[in-house]
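What follows is a single structure, written as structure tokens, with notes after it.
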Amino acid sequence: MLVWSRAARRMIWAVGGLVAAIIYGAPIIVIALASIAGHWNGAWPNDFTLRHYGNALTGDSARQLRTSLETGAIASVFAVLSGTWAALALRKIAPLPRRLFDLFFFMPSAVPSVSVGLGLLVAFSQPPVLLNGTTLIVILAHFVLISAFSYGNISAGLARLRPDYEQVAESLGARPAYKLWRVTLPLILPYIVGALSLSFALSMGELGATEMVYPPGWVTLPVGIFALSDRGAIFDAAALTMLLVAGTFAILLALVRISNRATVR
């Protein structure tokens, strides 16, 4: 129902903002307070300290942060490369085969991530392809889970691309490779950067499949946070969570600036 009254619209915006603040803002605020709390025995924490951040930036926690960044970067780059290749390859095929391939690409995102991790664990625990206990199986799990989002984002960009530009390039004698590198890819660059941003964010927060396949020497930050909270070290887990949020946000902000510059061009 349309709301024509200005007062009613303001009330709806106020209520919506309050609900959003409670649902999204309150958990972050609580985690931020817990990350600097020395004790929390009442309604509010006390004995504020930065000791938990010091613990998070040293030892195992620092290695887990580097592991998450490396895993997210590698898996995201390969997901975007494969998603771009698949979207370009399936762009002009018949509708029915394309729907089948779409189903194939989106299937990992339709099942629980734990199932994906278990499937990889079972599939690659025996020769001739033995990946169990290696770093590669963690990266592969992240790649499988995020590749669908990369493919979907880039496919949407190609669907919005006007064919005039490519047709003009062809009429001027542009070869397929030149048309791809100088016309098609630059026009969908914002979608490629957006796919990279989304893939990286999803990889940084992935837990279910990683819990199933990670080796002792390649522990990601979400796994470390889960282990700390399971042991009752809630304040240290909160500090690690804030570092995870801050690191992901900083990289996403940089990627968004790149995407905006590509859009302007």
**Q.** Conditions (1) at pLDDT 85 or above; (2) over 15 Å from G117 (Cβ atoms); (3) among the small types (G, A, S); number of the one not met by G208
**A.** (2)
Q. Somewhere in the range 78-85, is a residue within 17 Å of I225 (Cα to Cα), assigned by TED's automatic domain parsing to the domain that holds L140, surrounded by 11 or more Cβ atoms within 10 Å (Cβ to Cβ) and under 20 Å from the mean Cα position of the chain (by Cα)?
A. no
Q) Which condition breaks for A86 when tested against (1) in a helix (DSSP H, G or I); (2) touching a residue at least 60 places away in the same chain (Cβ under 8 Å); (3) out of contact with any helix residue (DSSP H, G or I) (no Cβ under 6 Å at 6 or more places or on another chain)? A) (3)
(Q) Regarding the range 107-114, can at least one residue be identified that is surrounded by 15 or more Cβ atoms within 10 Å (Cβ to Cβ) and touching a residue at least 60 places away in the same chain (Cβ under 8 Å)? (A) yes
Q.
Just to check your reading of the model, which residue among A233, A246, A201 is more than 23 Å from I146 (Cα to Cα) and either of a type outside the set (D, E) or surrounded by fewer than 17 Cβ atoms within 10 Å (Cβ to Cβ) (or both)?
A. A233
Q: Determine if the range 18-29 includes at least one residue that is touching a residue at least 12 places away in the same chain (Cβ under 8 Å), surrounded by fewer than 17 Cβ atoms within 10 Å (Cβ to Cβ) and either assigned to a helix (DSSP H, G or I) or of a type in the set (A, V, I, L, M, F, W, C) (or both).
A: yes
**Q.** Subset of the range 153-195 that is among the small types (G, A, S) and surrounded by 18 or more Cβ atoms within 10 Å (Cβ to Cβ) - its residue that is modelled with the lowest pLDDT
**A.** A169
Q: Considering only the range 109-190, give the helices (runs of 4 or more DSSP H) lying wholly within it that have at least 1 residues that are in contact with a Pro (Cβ under 7 Å, 6 or more places away or on another chain) and closer than 15 Å to G83 by Cβ.
A: 135-160
Q) Pick from A209, A148: which is in the same structural domain as I93 (by TED's automatic domain parsing), in contact (Cβ under 8 Å) with a residue 40 or more places away in the chain and surrounded by fewer than 23 Cβ atoms within 10 Å (Cβ to Cβ)? A) A148
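Quick grid of which residues meet (1) under 20 Å from the mean Cα position of the chain (by Cα); (2) over 26 Å from G224 (Cβ atoms):
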position: A7; (1), (2): no, yes
position: M11; (1), (2): no, yes
position: H52; (1), (2): no, no
position: T67; (1), (2): yes, no
position: L88; (1), (2): no, yes
position: I93; (1), (2): no, yes
position: L96; (1), (2): no, yes
position: F101; (1), (2): no, yes
position: P108; (1), (2): yes, no
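The values are calculated or read from the model by the stated rules, or taken from the named source; none is laboratory data. Just so you know, these numbers come straight off a predicted model, no measurement behind them. Every residue, glycine as well, gets a Cβ built from its backbone with ideal geometry; the counts of neighbours run over all protein chains shown.
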